[in-house]
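To start, the structure under review is shown below, and the notes come after it.
The values are calculated or read from the model by the stated rules, or taken from the named source; none is laboratory data. Keep in mind that what you see is a predicted model, and the values were worked out from it rather than measured. All Cβ positions, glycine included, derive from the backbone under ideal geometry; neighbour counts span all protein chains shown. Heads up: the accessible areas ignore ligands, DNA and RNA and are worked out on the full protein's heavy atoms, side chains in. Shrake-Rupley method; radii C 1.70, N 1.55, O 1.52, S 1.80 Å.
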Amino acid sequence: MNRQIRISPVRVISPEGEQLGILSIERALEIAEDQGLDLVEVAPMARPPVCRIMDYGKFKYEEQRQAREARKKQHHVQIKEVKMRPGIEDHDFDFKVRHARKFLDEGHKVKLTMMFRGRQMAHPEYGRQVLDRVFQQLQDLSKVESHPMLEGRSMVMVLAPTAKPPQAAPAPASTAAPAQQAAPAAPPAPRPAQPTS
């Protein structure tokens, strides 16, 4: 930038993007200083090197702002863990599945950890059955990224969210005349009388 540029002559581009031609480094710096701007080398490997007249401070600020915006738009996928035991009760099972569903809906991966205690280690298949049940409940919005594997006293399975299906467009409001609309459902048939004993 500016006096740090050693090679002369250079191809100069104006702040508006117009080519000013091939100039000596002294003349290019003179033009940049007259406009209160910087001479910045943008293509050092070209022959002759290409330099642009610009406000370097403003350029760096814009570059950093765009990088910040890009970082904001990135979705960081996290791995959320849900722990359970082989003898889990139905109520607890439903509660854990709801948690896992919420994490998958948010776009996170879910690590299902089945923890074994004592004699439960003799029958790891019971833990696997529970993990399979969880996947059956969540297969509408997930896929198995890592199948159940025994790691010490735990069995671990990882589910990843699948791409969400596109939302169906809402049905347009019917403009048909009331007579053409579907008739209301008929009332249920009366129940047969119970035989007397």
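Among residues of the stretch 93-109 that are open to solvent by less than 80 Å² (accessible area, probe 1.4 Å), those with a beta-carbon under 8 Å from a residue that is among the acidic types (Asp, Glu) at least six positions away or on a different chain give the pairs LYS109/GLU145. Of all residues in the stretch 75-92, those satisfying the criterion of being open to solvent by 70 Å² or more (accessible area, probe 1.4 Å) and β-branched (Val, Ile, Thr) are VAL77, ILE79.
Which ones in the stretch 153-169 are of a type outside the set (S, T, N, Q) and at pLDDT 85 or above?
Passing the criteria: ARG153, MET155, VAL156, MET157, VAL158, LEU159, ALA160, PRO161.
Pairs linking a residue in the stretch 35-48 that is on the phi < 0 side of the Ramachandran plot and free of Cβ contacts under 8 Å to residues at least 12 places away in the same chain to a residue that is part of a strand (DSSP E or B) and surrounded by fewer than 17 Cβ atoms within 10 Å (Cβ to Cβ), with Cβ atoms under 7 Å and 6 or more positions apart or on different chains, do not occur. Residue count for the stretch 110-131, restricted to those that are open to solvent by 30 Å² or more (accessible area, probe 1.4 Å), of a type outside the set (D, E, K, R) and not in a helix (DSSP H, G or I): 2.
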